[in-house]
Amino acid sequence: MVDILLMDDDEPFAEVLSEMLQRRNHKVTICSSATSARSQLEKTKFDLLITDLVVYQGKTPVPDGGISLITWLRGAQSLRNDPWLQEMPIIAISGAIHRHGMGNLLRVSEGLGADITLKKPTDPTELFDAIAKLCPR
């Protein structure tokens, strides 16, 4: 079992993904913003983070998404005392790459420290393979 924090503002997508992961005996905690994810990460040691890169309010992207979360995890000076948190595996997912001007988001997330990137909608087999690669047990 992998204890997963799933950050995605698309509630129906997050629920479906969570159900698929739970059927594979993973434990899943869902949150809808980087702010709520940081709060969860400060309280609980997860094995893996799966994060959407762009969070929207209505149709407007806001800076409380996966890019800021990955930046916080991989670079925050405050985390230097918690190497586990800084090194936690990250899978970044995004459907925003299909929007004008956002095609490089997955590459940007890799540059910031995401271990694996996947397009959204996510192919379940690719996701399961990524989890097995990052969290072998």
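Quick notes
- In sequence order, calculated HN-Hα J values of the stretch 30-36 (Karplus, 6.51, -1.76, 1.60; Hz; x Gly/Pro): 9, 9, 10, 8, 5, 4, 5
- Label-point separation, residue 23 to residue 62 (7 Å along Cα→Cβ), nm: 3.2
- Relative contact order (%) - criterion: Cα under 8 Å, at least six apart; region: the chain: 20
- Subset of 59/120; 45/133; 43/120 violating a 24 Å alpha-carbon distance limit: 43/120
- Of all DSSP-defined beta bridges confined to the chain, some 15% are antiparallel rather than parallel.
- Modelled spin labels at residue 87 and residue 137, positioned 7 Å past Cα toward Cβ, are 1.8 nm from each other.
- Summed over the residues of the chain and divided among them, the accessible surface reaches 53 Å² per residue at a probe radius of 1.4 Å.
- Based on DSSP H segments of at least four residues, each scored -39500 (n - 2.57), the chain has a per-residue ellipticity at 222 nm of -12000 deg cm²/dmol.
- Of all DSSP beta bridges in the stretch 1-67, antiparallel share, percent nearest 5: 25
- Under-5 Å amide H pairs with residue 28, H placed in peptide plane, nonlocal only: 4
- Volume per residue for the chain equals 100 cubic angstrom (convex hull of Cα atoms).
- Placing pseudo-labels 7 Å out from each Cα toward the beta carbon at residue 108 and residue 129 gives an inter-label distance of 2.7 nm.
- Percent accessible area from carbon and sulfur atoms, the chain, protein chains only, probe 1.4 Å: 50
- Calculated from backbone phi, Karplus (6.51, -1.76, 1.60) coupling profile of the stretch 104-119 in Hz, x at Gly/Pro: 9, 4, 5, 5, 4, 5, 4, x, 7, x, 5, 7, 9, 10, 9, 6
The values are calculated or read from the model by the stated rules, or taken from the named source; none is laboratory data. Everything numeric in this text was worked out from a predicted model, so none of it was measured. Using ideal geometry, Cβ is built from the backbone for each residue, glycine included, and neighbour counts are taken over all protein chains shown. Calculation scope for accessible area: heavy atoms of the full protein, side chains included, ligands and nucleic acids excluded. Shrake-Rupley method; radii C 1.70, N 1.55, O 1.52, S 1.80 Å.
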